Each structure stands twice: as C-alpha cells, then as structure tokens.
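Colleague: Please read through the structure below; I'll follow up with questions.
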Amino acid sequence: MEFLEQNELNDIVGKNIKYFRKFYNLKFGKMTQEQLAELVDVSTALIGNLESEKVSQGLSIYTLYKISIVLKVPMEKFFEKSQNFDEKVS
C-alpha cells in the first residue's frame, strides 16, 4: 500500500474542487469561489487557496463534506486522480 504525501493529496483535492465547481457552472449555473465560500461558511481565501496550484492548503473533512453537498458531488470524487484537470471547463 502506498500513501500519498500530504501536499500531493492537497493538490488532488484542490484541483477536484476547482474542476467540480466549474462543472457545476455548466450543469446548474454560475458558482463563483465567493458563492461557494459563503454557502460552505468559509473564507473566499480558503477556496482560492484550495484551487490554487501555487498554495498547498489542507481542509477539514467537515468542510469537504459541505463542499460536496453544495457542488452535488460524492465526497470520494474529490480524492480521485483521474479527473482531466487540463480539460477546458468554463
């Protein structure tokens, strides 16, 4: 069994949050970082840091749970490496 380094896991989760927020935009309507932060009751800076490729930001399981509810994505999807992050989703 191989474990990911914490920075690598943070990167995967952050990229998935960004990916699924943009996917939400296509499927349900506009969801900005500010709106997501407000709905999840965290700072906009936290969402920005999570989605940033320059910052390694962790988060609590409870916050990830709330993000999954708001974005209508099963929580386990945030841990998958298989998302095509380079695919253009606007």
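Colleague: Evaluate the following for Lys81: is it basic (Lys, Arg), in contact with a helix residue (DSSP H, G or I) (Cβ under 7 Å, 6 or more places away or on another chain) and at pLDDT below 95?
Modeller: Criteria met by Lys81.
Colleague: Tell me which residues, restricted to the stretch 40-72, are under 23 Å from Glu8 (Cβ atoms) and in a loop (DSSP other than H, G, I, E, B).
Modeller: Matches in the stretch 40-72: Val42, Ser52, Glu53, Lys54, Val55, Ser56, Gln57, Gly58, Leu59, Ser60.
Colleague: Out of everything in the stretch 28-39 that is assigned to a helix (DSSP H, G or I) and closer than 10 Å to Leu71 by Cβ, what residue ends up being nearest to the chain's Cα centre (by Cα)?
Modeller: Filtering the stretch 28-39 for residues that are assigned to a helix (DSSP H, G or I) and closer than 10 Å to Leu71 by Cβ, the one nearest to the chain's Cα centre (by Cα) comes out as Leu36.
Colleague: Same structure, new question: If I ask for residues that are surrounded by 14 or more Cβ atoms within 10 Å (Cβ to Cβ) and touching a residue at least 12 places away in the same chain (Cβ under 8 Å), which ones from the stretch 26-48 would you list?
Modeller: Answer for the stretch 26-48, where residues must be surrounded by 14 or more Cβ atoms within 10 Å (Cβ to Cβ) and touching a residue at least 12 places away in the same chain (Cβ under 8 Å): Met31, Gln33, Leu36, Leu39, Val40, Val42, Leu46, Ile47, Gly48.
Colleague: Assess whether Ala37 counts as being of a type outside the set (Lys, Arg) and touching a Ser or Thr at 6+ places or on another chain (Cβ under 7 Å).
Modeller: Against the criterion (of a type outside the set (Lys, Arg) and touching a Ser or Thr at 6+ places or on another chain (Cβ under 7 Å)), Ala37 qualifies.
The values are calculated or read from the model by the stated rules, or taken from the named source; none is laboratory data. This one's a predicted model, so the numbers in the text were calculated from it and none came from an experiment. Quick reminder, even Gly has a Cβ in these numbers, built from the backbone with ideal geometry, and neighbours come from all protein chains shown.
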